[in-house]
1. Considering (1) closer than 17 Å to Val174 by Cα; (2) buried (at least 22 other Cβ atoms within 10 Å of the Cβ); (3) touching a residue at least 60 places away in the same chain (Cβ under 8 Å), say which one Leu61 fails and leave the rest.
2. Counting residues that are near the ligand (Cβ under 8 Å from one of its atoms) and over 23 Å from Glu200 (Cα atoms), which strands (runs of 3 or more DSSP E) fully inside segment 27-138 reach at least 3?
3. Report, ordered by the first and then the second residue, all pairs with beta carbons closer than 7 Å, sequence separation of six or more or different chains, a first member in segment 118-129 that is modelled with pLDDT of 95 or more, and a second member that is basic (Lys, Arg).
4. Could you pull out the residue among Arg239, Arg215, Arg204 that is more than 21 Å from His74 (Cβ to Cβ) and of a type outside the set (Val, Ile, Thr)?
5. Does Val203 meet the test of being at pLDDT 95 or above and assigned to a strand (DSSP E or B)?
6. So, of the residues in segment 154-178 that are under 16 Å from Ala38 (Cα atoms) and of a type in the set (Val, Ile, Thr), which turns out to be surrounded by the fewest Cβ atoms within 10 Å (Cβ to Cβ)?
7. Where the second residue is part of a loop (DSSP other than H, G, I, E, B) and of a type in the set (D, E, K, R) and the first is under 19 Å from Leu126 (Cβ atoms) and lies in segment 14-31, which pairs have Cβ atoms under 6 Å and are six or more apart or on separate chains?
Amino acid sequence: MPYGSSPVSDRPRVLPPNDPRQYDDLADEWWRPDGAFAMLHWLARARAALVPPATRPDALLVDLGCGAGLLAPHVAGKGYRHVGVDLTRSALAQAAAHGVTPVNGDATAVPLADGCADVVAAGELLEHVPDWRAAVAEACRLLRPGGLLVLDTLNDTALSRLVAVEIGERLPTVPRGIHDPRLFVDDRELIAECARHGVELRVRGVRPEVGGTLRWLVRRLRAARRPPLGGGLSPSGGREPRIRPTWSTAVLYQGRGVRRG
Ligand SMILES: C[S@@+](CC[C@H](N)C(=O)[O-])C[C@H]1O[C@@H](n2cnc3c(N)ncnc32)[C@H](O)[C@@H]1O
């Protein structure tokens, strides 16, 4: 049953926007391809495409705010040891089951050594962290010289609040109340903050493909009216929508930058 459509007695508790306990309430949704976190699967695929294969043995990818490890299948085979840092233990347990080495901790104070990481990923994290600058400082601290930072987040614009919260959280792709738009991250401020910590970040706008997303939504709404399928089949079936580059960073954007030597 989709999140938010259960009978009154089973309804999830109502928590303040961005309250991390929401991830415990939604723990069963992480790995459902058509569940409340569906769009995170699409974004994880697009983020992983920014990560090249490892160039040395024992290369380390640190995944800040890894959640249930949705990045794991997309970077498996690239030659990294995948370490995930997250506040939410229920999510980390699932990440561990998908091959991620779990570290329970805060992205603003990561218990890992300076320069340990060949790649740091921060997917859909910064817009959830009250002090995103501290998380950026940590991401840059963890990178070895020449190491790669990849991230995606929501911009601090009126359009982003409209699209990601007012519209997005009414669709089955994003859980309602998961964002606090006051935490959204201005792309120019993020670039400046990364530069202060030795990482030249380049950003580009991204968005879900239109046709594929509309087809997915129709399939998803139809499937919600049918009884669940057995055998782990996706109720909506079909290919998941792809995340595409777009001309504007005003809503959702990716960043990629290398740490100076
Ligand atoms: C929107 S989810 C993204 C999860 C994952 N990166 C993905 O794309 O599938 C945000 C995650 O960040 C975690 N999180 C939020 N604030 C955090 C913090 N300060 N330190 C570590 N993790 C945090 C949450 O527990 C949650 O798992």
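1. Against the list (1) closer than 17 Å to Val174 by Cα; (2) buried (at least 22 other Cβ atoms within 10 Å of the Cβ); (3) touching a residue at least 60 places away in the same chain (Cβ under 8 Å), Leu61 comes up short only on (1).
2. Working: elements: 60-64, 81-86, 101-104, 117-123.
Per the criteria, no element qualifies.
3. Listed by first residue and then by second, the contacts come to Asp118/Arg144; Ala121/Arg47; Gly123/Arg47.
4. Values: Arg239 fails: more than 21 Å from His74 (Cβ to Cβ); Arg204 fails: more than 21 Å from His74 (Cβ to Cβ).
Of the residues listed, the single one that is more than 21 Å from His74 (Cβ to Cβ) and of a type outside the set (Val, Ile, Thr) is Arg215.
5. Numbers: at pLDDT 95 or above: yes; assigned to a strand (DSSP E or B): yes.
So Val203 fits the description; yes.
6. If we filter segment 154-178 for residues that are under 16 Å from Ala38 (Cα atoms), which is where we start, we get 164-165, 167-178.
Filter again for of a type in the set (Val, Ile, Thr), leaving 165, 167, 173-174, 178.
On the way: Val165: 20, Ile167: 11, Thr173: 21, Val174: 19, Ile178: 22.
Ranking the qualifying residues of segment 154-178, first place goes to Ile167.
7. Note: pairs meeting the criteria are Pro17/Asp180; Asn18/Asp180.
The rows are residues; the columns are (1) under 26 Å from Leu15 (Cβ atoms); (2) among the acidic types (Asp, Glu); (3) modelled with pLDDT of 95 or more.
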{"site": "Arg170", "(1), (2), (3)": "yes, no, no"}
{"site": "Pro175", "(1), (2), (3)": "yes, no, no"}
{"site": "Asp187", "(1), (2), (3)": "no, yes, yes"}
{"site": "Leu190", "(1), (2), (3)": "no, no, yes"}
{"site": "Cys194", "(1), (2), (3)": "no, no, yes"}
{"site": "Leu229", "(1), (2), (3)": "no, no, no"}
{"site": "Gly237", "(1), (2), (3)": "no, no, no"}
{"site": "Arg259", "(1), (2), (3)": "no, no, yes"}
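The values are calculated or read from the model by the stated rules, or taken from the named source; none is laboratory data. Quick caveat: nothing in here was measured; it's all calculated off a predicted structure. Please note: Cβ atoms are built from the backbone with ideal geometry, for glycine as well, and neighbour counts cover all protein chains shown.
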